[in-house]
Amino acid sequence: MRIHYLQHVPFEKLGSISTWMTDQNHSVSSTRLYADDPLPTVNDFDWLIILGGPMNIYEEDQYPWLIAEKQLIKQAIEKDKLVLGICLGAQLIADALGARVYSGEHKEIGWFPIKTATQQSKGFEFLPSELSVFHWHGDTFELPEKAIRLAYSEGCANQAFLYGNKVLGLQFHLEVDQQGVRQMIENSASELVAGKYVQSSEEMLSANRNFATIQGVMYCFLELLSCRY
């Protein structure tokens with residue numbers, strides 16, 4: 001399978017997704033939007049992965065490549081490609097589907113639990129009723145029309161959604177390892193202000209046992225989507 005991923009900043013990478021893709025022998029290409037790499041055409045890939053980033057989806061004046069990126073995401077959905085969005089990526093998918101993306105009541109930064117929504121779609125039985133995942137976001141989104149909500153948290157009503165059978169948005173990070181968390185802290189330390197759902201850097205880096213758990217769940221999501229190709 002031909003997988004293409006969109007990377008918004010150097011410090012938010014594929015993480016454990018890269019290991020999974022290598023193990024599965026998929027063809028992988030990328031666009032580093034921060035380096036002005038050219039975007040592919042929608043016919044150049046079978047699966048589009050949109051990673052996270054500290055920018056907001058509406059900051060087109062500051063990040064003009066957002067305009068073309070949004071068009072590509074919309075085209076990928078319309079062409080029935082596999083599409084996975086993580087954090088900012090999920091917000092971009094929601095926007096492409098006509099849902100509102102806006103500043104949330106609370107920032108969520110650190111390890112906080114999500115809960116599985118009762119209207120779970122078939123195939124997602126691997127999700128536990130509650131799971132501690134890594135968050136780093138201030139914006140959130142309304143549930144797109146015809147999408148199925150998969151998860152929510154105390155601080156955010158929409159944490160994950162499925163649109164059709166092939167489009168998945170995850171507001172949280174399952175792909176990160178300890179190095180990835182460390183790099184987010186180093187590059188976005190100004191966001192670590194006091195808040196109900198904001199942890200200290202020490203708290204974030206001390207949750208070692210969580211990384212193996214979220215990697216396992218990430219792999220389940222990837223396997224599920226790949227089977228729908």
| So which residues in the range 177-206 are crowded, with 16+ Cβ neighbours inside 10 Å and closer than 19 Å to Ser153 by Cα? | Tyr197, Val198, Gln199, Met204
| query | Could we say that Asp139 is buried (at least 17 other Cβ atoms within 10 Å of the Cβ), at negative phi and outside any strand (DSSP E or B) here? | reply | no
| Which listed residue, of Ala189, Ala147, Ala212, Ala151, is free of Cβ contacts under 8 Å to residues at least 60 places away in the same chain and within 24 Å of Asp23 (Cβ to Cβ) | Ala212
| Looking at the range 207-229, which of the residues that are in contact with a strand residue (DSSP E or B) (Cβ under 7 Å, 6 or more places away or on another chain) and in a helix (DSSP H, G or I) is surrounded by the fewest Cβ atoms within 10 Å (Cβ to Cβ)? | Val217
| task | Determine, yes or no, whether Asp46 is among the charged types (D, E, K, R) and within 18 Å of Lys13 (Cβ to Cβ). | result | no
| said: Residues that are of a type in the set (Ser, Thr, Tyr), under 20 Å from Trp20 (Cβ atoms) and modelled with pLDDT of 95 or more: does the range 218-226 have at least one? | reply: yes
| query | Which of the residues that make up the range 36-81 are free of Cβ contacts under 8 Å to residues at least 24 places away in the same chain and acidic (Asp, Glu)? | reply | Asp37, Glu59, Glu60, Asp61, Glu78
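Quick check on Phe161: is it within 14 Å of the chain's Cα centre (by Cα), buried (at least 19 other Cβ atoms within 10 Å of the Cβ) and among the aromatic types (Phe, Trp, Tyr)? First the steps, then the outcome.
Values: within 14 Å of the chain's Cα centre (by Cα): yes; buried (at least 19 other Cβ atoms within 10 Å of the Cβ): yes; among the aromatic types (Phe, Trp, Tyr): yes.
For Phe161, the condition - within 14 Å of the chain's Cα centre (by Cα), buried (at least 19 other Cβ atoms within 10 Å of the Cβ) and among the aromatic types (Phe, Trp, Tyr) - is met.
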| request: Kindly indicate whether Lys74 is among the charged types (D, E, K, R), surrounded by 14 or more Cβ atoms within 10 Å (Cβ to Cβ) and touching a helix residue (DSSP H, G or I) at 6+ places or on another chain (Cβ under 6 Å). | output: yes
| remark: Scanning the range 164-186 for residues that are assigned to a helix (DSSP H, G or I) and in contact (Cβ under 8 Å) with a residue 24 or more places away in the chain, the one farthest from Cys227 (Cα to Cα) turns out to be Glu186
| query | Can you spot a residue in the range 101-112 that is touching a Lys or Arg at 6+ places or on another chain (Cβ under 8 Å) and at pLDDT below 95? | reply | yes
| note | Within the range 185-211, the count of residues that are closer than 20 Å to Ala160 by Cα and out of contact with any Gly (no Cβ under 7 Å at 6 or more places or on another chain) comes to 2
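The values are calculated or read from the model by the stated rules, or taken from the named source; none is laboratory data. Note that this is a predicted model, so its numbers are computed, not measured. Glycine also receives a Cβ, built like all others from the backbone with ideal geometry; neighbour counts cover every protein chain displayed.
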